[in-house]
1. Could you grab me the full set of residues in region 147-161 that are crowded, with 16+ Cβ neighbours inside 10 Å, at pLDDT 95 or above and not aliphatic (A, V, I, L, M)?
2. Only one of (1) surrounded by fewer than 10 Cβ atoms within 10 Å (Cβ to Cβ); (2) on the phi > 0 side of the Ramachandran plot; (3) at pLDDT 95 or above; (4) not charged (D, E, K, R) is not met by G67, so which one is it?
3. Taking A224 as meeting all but one of (1) modelled with pLDDT of 90 or more; (2) on the phi < 0 side of the Ramachandran plot; (3) surrounded by fewer than 15 Cβ atoms within 10 Å (Cβ to Cβ), write down the number of the exception.
4. Return the residue satisfying two criteria in turn: it lies in region 249-265 and is out of contact with any helix residue (DSSP H, G or I) (no Cβ under 8 Å at 6 or more places or on another chain) and in a loop (DSSP other than H, G, I, E, B), and of such residues it is modelled with the highest pLDDT.
5. Would you say S232 is over 44 Å from the mean Cα position of the chain (by Cα), assigned to a helix (DSSP H, G or I), modelled with pLDDT under 95 and surrounded by fewer than 16 Cβ atoms within 10 Å (Cβ to Cβ)?
6. Return the total of residues in region 162-207 being within 19 Å of N276 (Cβ to Cβ), of a type outside the set (F, W, Y) and out of contact with any His (no Cβ under 8 Å at 6 or more places or on another chain).
7. Within region 237-266, which residues are small (G, A, S) and either in contact (Cβ under 8 Å) with a residue 60 or more places away in the chain or not assigned by TED's automatic domain parsing to the domain that holds H218 (or both)?
8. If I ask for residues that are buried (at least 17 other Cβ atoms within 10 Å of the Cβ) and either over 26 Å from the mean Cα position of the chain (by Cα) or not in a strand (DSSP E or B) (or both), which ones from region 85-96 would you list?
Amino acid sequence: MKLTLPIYRLAGVVLLVSLLAYAGCSSNDEPEPVDCSTTDLAIALTSKSDPADCSTNNGTIVVSATGGAAPYQFSINAGTFGSSGTFNNLGPGSFSVAVKDANNCEKTLSAIVLLAPASPVAGASVIAAHTDCLTPNGSITINVTGGTPPYEYKIGTGAFASTNVFSNLKAGNYTITVQDDANCSITINEAVASNTTISYTTDIAPIIQVNCIKSGCHNGDNGADKNWSVFSNVKEKALAIKARTGDRSMPQDSPNALTQAQIDMIACWVDSGAQNN
């Protein structure tokens, strides 16, 4: 004869087995959150290299991590985390590198400094004034120290060369660039003064008298202030006279009447202060 347990007794057995199985579990089996304040995660500087010159970002920082829970990820200057602890193509500056482990704990290494080579330092230039109106003879001699010798020099938009002396200069303002062997450069601004013996009475007035003071043109016909036989009127317009004779837009009735020597004389007189001498 086959015996059959009542259904309610069978359900009770299943429930009892389930309770016994649950009683065997403990909350200690669940992973506890990691306390990042007590982690032994650490980051260290392995190596670094400064940029080789002033115009290239080729510095490098290499860091490594220990402790915590691998794998590690690294970030520089609060950037995106990545798997590499090597950072290339860096310019000069101060950097911070962070490491993050598998538990999302982080450690930061700050004030990693990369230095570019120092630029040259300008000393006092030696300047000779322009003393000959028709033959530019001013000069600038540049003196620099520091940086990474040897140096190269250029004036304005010219080409770099090894000489630090620029000769045959007219009076005026000049920009000199100095570049050292590490491609570090500085810009120096200097002025060549005009110290000529040019005379308004002897050199300039005759040019104006012949070419400009004519009937209906700078003889007073068009107004007293346009009468260039009066020195004060000429002095007031000195810069304009230099510019317009220089581009040959004056004299208006004969643009090519002035020789280049006369144009240079006018410019020289203006650069010398447009004196009544």
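1. Our first condition is that a residue be crowded, with 16+ Cβ neighbours inside 10 Å; within region 147-161, this holds for 147-148, 151-155.
If we keep only those that are at pLDDT 95 or above too, we end up with 151-155.
Listed by number, the residues that qualify are Y151, E152, Y153, K154.
2. Result: G67 passes all but (1).
3. (1)
4. Kept after step one, since they are out of contact with any helix residue (DSSP H, G or I) (no Cβ under 8 Å at 6 or more places or on another chain), are these residues of region 249-265: 249, 252-253, 255-256, 259-261, 264.
Narrowing further to those that are in a loop (DSSP other than H, G, I, E, B): 249, 252-253, 255-256, 259.
Working: S249: 91, Q252: 83, D253: 83, P255: 77, N256: 85, T259: 94.
Here the residue is T259.
5. Working: over 44 Å from the mean Cα position of the chain (by Cα): yes; assigned to a helix (DSSP H, G or I): yes; modelled with pLDDT under 95: yes; surrounded by fewer than 16 Cβ atoms within 10 Å (Cβ to Cβ): yes.
When the stated conditions are applied, S232 passes them.
6. 10
7. Let us first name the residues in region 237-266 that are small (G, A, S), namely 238, 240, 243, 246, 249, 254, 257, 261.
Within region 237-266, A261 is the sole residue that qualifies.
8. Applying the first criterion (buried (at least 17 other Cβ atoms within 10 Å of the Cβ)) to region 85-96 yields 85, 87, 90, 95.
Within region 85-96, G85 is the sole residue that qualifies.
The values are calculated or read from the model by the stated rules, or taken from the named source; none is laboratory data. Being a predicted model, the structure only gives us computed values, none of them experimental. Please note: Cβ atoms are built from the backbone with ideal geometry, for glycine as well, and neighbour counts cover all protein chains shown.
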